[in-house]
1. Residues in the range 50-68 near a label at Ile26, defined as backbone nitrogen under 13 Å from the 7 Å Cα→Cβ point?
2. Going 7 Å from the Cα of Asp120 along its beta-carbon direction, which residues of the range 141-162 have the amide nitrogen within less than 20 Å of the resulting point?
3. With runs of 4+ DSSP H residues as the only contributors, calculate the mean residue ellipticity of the chain at 222 nm using -39,500 (n - 2.57) per run, divided by the residue total and rounded to the nearest 500.
4. Run the numbers for Arg216 and Ser289: contour at 0.36 nm per residue of separation, minus the present Cα-Cα distance, in nm.
5. Multiply the residue gap between Asp14 and Asp71 by 0.36 nm, knock off their C-alpha separation, and tell me the result in nm, one decimal place.
6. Among Ala138, Thr111, Ser152, whose Cα sits farthest toward the positive end of the charge dipole of the range 2-310 (+1 at Cβ of Lys/Arg, -1 at Cβ of Asp/Glu, about the Cα centre)?
7. Just subtract the alpha-carbon distance of Ile100 and Arg4 from 0.36 nm times their residue separation and send over the number in nm, one decimal.
8. Keeping all protein chains in place, calculate the accessible area per residue for the range 1-87 (probe 1.4 angstrom), answer in Å².
Amino acid sequence: MLRRLVAETHLGVDDLIAPLFVREGIEEPHPVVSMPGVVQHTRASLRAEVARLTSLGIGAVMLFGVPEHKDARGSGADDPDGIVQVALRELRDDVGDSMILMADLCLDEYTDHGHCGLLDASGGVDNDATLQRYAAIARAQAAAGADVVAPSGMMDGQVAAIRDALDDAARTDVVILAYAAKYASAHYGPFRDAVDVEIAGGGDRRAYQQDPRNAREALVEIRADIDEGADIVMVKPALAYLDIIHAARAAFDVPIAAYQVSGEYAMVRAAAERGFIDGDAVMAEQLGSIKRAGADLILTYAAADMAEALA
Ligand code: PBG
């Protein structure tokens, strides 16, 4: 009891955000093999899952869409009938104000080449053309009922472009959660299965994500996003970047989010499946360490399981 009274860190259900995948044109949920316990939802199973998360006390979900058709410009991302927009409208009707609906704002799930932006003639990402796409996606997600849009593509100027677009649409109420310090990490592998993304030519995202060897530039990126109008900033991945979370917490006063990404989740689950570790205990300890480092909000695929364990 005394240990509980003097504990410095408390992980609670209020800290957790559940990332969810919704796939267009499927009849049954599809398990994501590399992420035990995670599925690509149908629209119906997504609604049921969000109802369950609400009853568990989870306060927010982050939606990722998997479109049936991908193309060079990622048309499904801002189509009013695109999978995330349809899902947002349905969920908004279902949950009212009892759940915060967040939408990942990016193009990689929607482009046939798998990059987060539009490509120019030489195959590189065209930053400025991409910003126009992001502005259109922000407007579409806001119109469909998103409370929070979360740009994750790490394009220069993306937060300012989205803030301008939302202002023009008189949607100053929409919150921007910026993936501000996003590293070019090997921990995103299972996510690519979850959203059926293969980066063209076996490429990577090092041109627009951060070098894992560097810490100071993360703070520069975070400051820029706050200056451009981000309300919440995120560090991603979490466990290998606790120092960044800690430094950001000390340097800035806005809420700090951290993303325990697909690979982090998969490592715990896979080791637990083989009986090498106590998965629930390791998960709780890792999420607790992310909180202790200074995160106010944690995105984790274990959100529902943790909520049940904490209840
Ligand atoms: C981009 C995006 C990615 C993740 C979240 N948003 C993929 C990437 O940057 O390569 C990764 C999340 C995870 O691994 O769990 N839309």
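1. So the set is 64-68.
2. Counting backbone N atoms under 20 Å from the label point, the list is 153-159, 161.
3. Numbers: 11 runs with 124 residues, N = 311.
The per-residue figure over the chain is -12000 deg cm²/dmol.
4. 24.2 nm
5. Details: separation 57, 0.36 × 57 = 20.52 nm, distance 3.78 nm.
Gain on stretching Asp14 to Asp71: 16.7 nm.
6. Of the candidates, Ser152 comes out farthest on the positive side.
7. Details: separation 96, 0.36 × 96 = 34.56 nm, distance 3.00 nm.
Net length gain for the segment: 31.6 nm.
8. Numbers: 4390 Å² over 87 residues.
Averaged over the residues of the range 1-87, the accessible area is 50 Å².
The values are calculated or read from the model by the stated rules, or taken from the named source; none is laboratory data. Just so it is clear, the structure is predicted and the values come from calculations on it, not from any experiment. Here Cβ is always computed from backbone atoms with ideal geometry, including for glycine, and neighbour counts include all displayed protein chains. Surface areas here come from the heavy atoms of the whole protein model, side chains and all, with no ligands, DNA or RNA. Shrake-Rupley method; radii C 1.70, N 1.55, O 1.52, S 1.80 Å.
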